[in-house]
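Everything below concerns the one structure shown next.
Every number here is computed from the coordinates shown, using simple stated rules; none is lab data. These numbers were taken from a predicted model, which means no experiment stands behind them. Note: ideal-geometry Cβ built from the backbone for every residue, glycine included; neighbour counts use all protein chains shown.
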Amino acid sequence: MSSENTNERFEAGLRNRKEVLGAEHVERSLAGVTEFSRPVQEFVTEYCWGGVWDRPGLDRRTRSLLNLGMLTALNRMHELSVHVRGALTNGCTEEEIQETLLQTAVYVGVPAALESFRVAEKVLREVRGDA
């Protein structure tokens, strides 16, 4: 693969990442990059956001809902909160987020789902302005 393709994928990833998570969040994340953490941030931007999120097979709403389920299963609550905001940006409704998290209770476990509901509800209140 040429470095030109890699650069294009990184740029597409950066664009997707900013569109989904918000430019302010992404710029804040990248501003905190150290020489140690730079490789993982570049990897995530290029391959996750540029290689996978840029594919045509699933729309962003579907990808967002899948992420909520997977992050619940992995118990990654910080990332879950970021992706709840992203899901709203991608047009997911509160009901769809709620149903996705309810589905995780059956397949992942009630404790994980309960924690995800708490995190998601906090984010939703903040976004609505009733935090």
Next item on the list: With the cut-off at 25 Å, report for the chain the share of all Cα pairs above it, as a whole percent.
Entry: 29
Checklist line | In order through segment 35-52: 3J(HN,Hα) via Karplus (6.51 cos²θ - 1.76 cosθ + 1.60), integer Hz, x for Gly, Pro | finding: 4, 5, 8, 3, x, 6, 5, 5, 4, 4, 5, 6, 8, 6, 7, x, x, 9
Next item on the list: Tell me the chymotrypsin sites (Phe, Trp or Tyr not before Pro) within segment 1-65 that lie in a loop according to DSSP and have at most 14 other beta-carbon atoms within 10 Å.
Entry: PHE36
Check: Summing -39500 (n - 2.57) over the DSSP H runs of n ≥ 4 in the chain and dividing by its residue number, what mean residue ellipticity at 222 nm do you reach, to the nearest 500 deg cm²/dmol?
Finding: -23000 deg cm²/dmol
Check: Residue by residue, what Karplus-based ³J(HN,Hα) values in Hz, rounded to whole numbers, does segment 102-108 have, using 6.51, -1.76 and 1.60 with θ = phi - 60° and x for Gly and Pro?
Finding: 5, 4, 5, 4, 6, 9, 10
Note to self: Please list, in order along segment 74-82, the HN-Hα scalar couplings obtained from phi with the Karplus expression 6.51 cos²θ - 1.76 cosθ + 1.60 (θ = phi - 60°), rounded to whole Hz, x for Gly and Pro.
What the structure shows: 8, 6, 10, 5, 4, 5, 4, 4, 5
Note to self: Under the rule a/c < 1.5 gives rounded, and otherwise a/b versus b/c splits prolate from oblate, where does segment 1-70 land using the Cα gyration tensor?
What the structure shows: oblate
Check: Among GLU94, GLU35, GLU121, which one shows the biggest mean-square fluctuation in a GNM of the chain, springs joining Cα atoms closer than 10 Å?
Finding: GLU35
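For segment 84-131, what does the alpha-carbon gyration tensor say about shape, rounded, prolate or oblate, given a ≥ b ≥ c as the root eigenvalues, a/c under 1.5 as rounded, and a/b over b/c as prolate?
oblate
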